Amino acid sequence: MRNAMAAEWTKLWSVRSTWWCLAAGVVATVLGALTLGGAQATEAMREGLAGVRIVATEPVVSAMAFAHYAVITLAMLAVTSEYASGSIRGTLQAVPIRGRVLAAKALVVAPAMFAAGVLSGAVAALVTYAVLASPVFGGLTVFPIGEVVADLLRLGLFCALMAAVTVGVSVAVRASAGSLTLMFMLTMGLPLMLVMTGVQVALEVSLRMPLFAGLAFMESTDNMTGGPIPYSPAEGLAWLVAWAVLALAAGQVVLRRRDA
């Protein structure tokens, strides 16, 4: 396993797509946080809510609803690029136990995305605080260290689990276009369609899908549902872990049964 993980680590960091995805994630997180935080501060000033205080990481967490697609893309390419180039054959010859290949990929990509999520979130929080603390935005933004650190750790864990879901889906689907389409439907397309039906059962199902579960875990108040998600952060984490386990299990079944 140590050798398999070392190989996956080398493959992950030796291609330019990894760095492009990370850069895109940082930019998307910063711009999204500034946009959402600026809108929130402007609305508070317009309504005369002088007592409102916006924690610097609050808009960062909300922005992750869109910025996490950089994480999905990176995790997907860690799998599908090998199938596209045919190098997966060499990988499976070097590590014949296929479950070990899947585990090595997940154990390398997920912690890397945890670190990337924390770092990009920290950068976005600092930039957001620096901009929104100015008199132009009413100086409503605060930077409480304890809350900020807790939010960043939750954000990193969300990115890690979404990466694990993506690895499992990508191993099962094997193609970049199909994997990205399926991940979009799981995270955004299908949940929003279910919400728009207005049917209570459909709404409850949509709120347990990966993105909304992650937003509940991160305690996001700006989550496209019109209000807070009606269950605890612990339950959100449990649903997100369940999706990761399900996706990896599906990937393992396909990996064992199909030729490379």
Check: How much length is gained if the chain between residue 115 and residue 181 is pulled fully straight, taking 0.36 nm per residue apart and subtracting their Cα-Cα distance, in nm to one decimal?
Finding: 21.2 nm
Notebook entry, point to check: Any idea what angle helix 98-132 forms with the longest principal axis of the chain, computed on alpha-carbon atoms, 0 to 90 degrees, nearest 10?
Noted result: 20 degrees
Margin query: Can you compute the FRET efficiency between residue 232 and residue 153 using 1/(1 + (r/R0)^6), with r the Cβ-Cβ distance and R0 = 22 Å? Round to the nearest 0.05.
Written below: 0.80
Next item on the list: Taking each pair of different alpha-carbon atoms in the stretch 2-257 once, compute 1/r for the pair, average those values, and report the inverse of that mean as the Kirkwood hydrodynamic radius in Å to one decimal.
Entry: 18.9 Å
Checklist line | Among 161-168, 146-153, the order from most to least packed when residues are scored by Cβ within 10 Å on average | finding: 161-168, 146-153
Item checked: Semi-axis lengths, Å, the stretch 107-226, gyration tensor of Cα atoms, sqrt of 5 times eigenvalues -> 29, 21, 12
Margin query: Given a 10 angstrom Cα cut-off, can you work out which residue in 116, 247, 94 is the most mobile in a GNM of the chain?
Written below: 94
Next item on the list: Would you please give the residues with an amide H less than 5 Å from that of residue 55, counting only those at least 5 places away or on a separate chain, with H modeled from the backbone geometry?
Entry: 142
Notebook entry, point to check: Residue by residue, what Karplus-based ³J(HN,Hα) values in Hz, rounded to whole numbers, does the stretch 179-194 have, using 6.51, -1.76 and 1.60 with θ = phi - 60° and x for Gly and Pro?
Noted result: 5, 5, 5, 5, 5, 5, 5, 5, 8, 10, x, 5, x, 5, 5, 5
Check: In what sequence, highest mean first, do 119-128, 83-92, 231-240 appear when ranked by Cβ atoms within 10 angstrom?
Finding: 119-128, 231-240, 83-92
Notebook entry, point to check: Which value, in debye to the nearest 20, describes the size of the charge dipole of the stretch 115-237 about its Cα centre when Lys and Arg Cβ atoms bear +1, Asp and Glu Cβ atoms bear -1, and nothing else is charged?
Noted result: 320 debye
Checklist line | Per-pair calculated FRET efficiency, R0 = 45 Å: residue 258 and residue 46 via Cβ, rounded to 0.05 | finding: 0.20
Checklist line | Around residue 236: net Lys/Arg minus Asp/Glu count, Cβ-Cβ under 10 Å | finding: 0
Next item on the list: Calculate for the chain the 222 nm mean residue ellipticity that helices alone would give, adding -39,500 (n - 2.57) per DSSP H run of length 4 or more and normalising by residue count, nearest 500 deg cm²/dmol.
Entry: -26000 deg cm²/dmol
Item checked: Difference of contour (0.36 nm per residue) and Cα-Cα distance, residue 196 to residue 130 -> 20.0 nm
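Taken together, the values in this text are just the output of simple stated rules run on the coordinates, not laboratory data. Predicted model, so just to flag it, every value in this text is computed and none were measured. Reconstructed Cβ throughout: ideal geometry from the backbone, glycine too, with neighbour counts over all protein chains shown.
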